[in-house]
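Here is the structure we will look at, set down as structure tokens.
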Amino acid sequence: MSGAGRRTRVLEELMYGPDPLLPVYDLPARLAGRGIGDPASYVLENGLHSEVLPESRTHFEALEIPAELLARVEELCFDAGAEVFRHCAPAWDGEDDLFDVRSLDDLALLPNLREVTFVEDGVLAVPDAAEVFATRGIETD
């Protein structure tokens, strides 16, 4: 997987899933600490609506995800409505390719991945992705 899309899929599972394994990054709380009450309004008013906020990018790019946590990822969902997006680009409308996954080259980092769900409004932009998953024995819905 590549770029912002690659990390956000895994982070959604590890940080915002039902049993978080990483400390939750809470952009609204961080912005509230700076006196910003509504993240979406803030990014729209400042022309930041089509990008990952610099503070979020810095946080997530510096985040080290240990191999033992990556090994716990068994399912991924490619859904444009993922919680992690709200903490990266609070006014993102899902209408562009900001979080599109364009490569599955580092699937080996997820040795126990067994199932991938594609959602109609998903952000998986890899030709022949289903075949790539099938070759690795990963079920798809």
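The figures follow:
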{"quantity": "Radius of gyration, Dmax [region 1-84; alpha carbons; angstrom]", "calculated": "13.8, 41"}
{"quantity": "Length-normalised contact order of region 1-91 in % [C-alpha pairs under 8 Å, at least 6 apart]", "calculated": "44"}
{"quantity": "Per residue value of the accessible surface for the chain (all protein chains in place, 1.4 Å probe), Å²", "calculated": "54"}
{"quantity": "Cα-based shape type of region 102-141, given that a ≥ b ≥ c are square roots of the gyration tensor eigenvalues and the cut on a/c is 1.5", "calculated": "prolate"}
{"quantity": "With every protein chain in place, the chain: carbon and sulfur % of accessible area (1.4 Å)", "calculated": "48"}
{"quantity": "Label of the coordinate-derived value, Rg and Dmax of the Cα atoms in Å, listed as (i) 17.3, 61; (ii) 16.5, 52; (iii) 15.3, 50", "calculated": "(iii)"}
{"quantity": "Additional length obtainable on full extension of the chain from A29 to T140, 0.36 nm per residue less Cα span", "calculated": "36.4 nm"}
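The values are calculated or read from the model by the stated rules, or taken from the named source; none is laboratory data. As the structure is a prediction and not an experimental result, all values here were calculated from the model. These area figures cover heavy atoms from the full protein model, side chains too; ligands, DNA and RNA do not enter into them. Shrake-Rupley method; radii C 1.70, N 1.55, O 1.52, S 1.80 Å.
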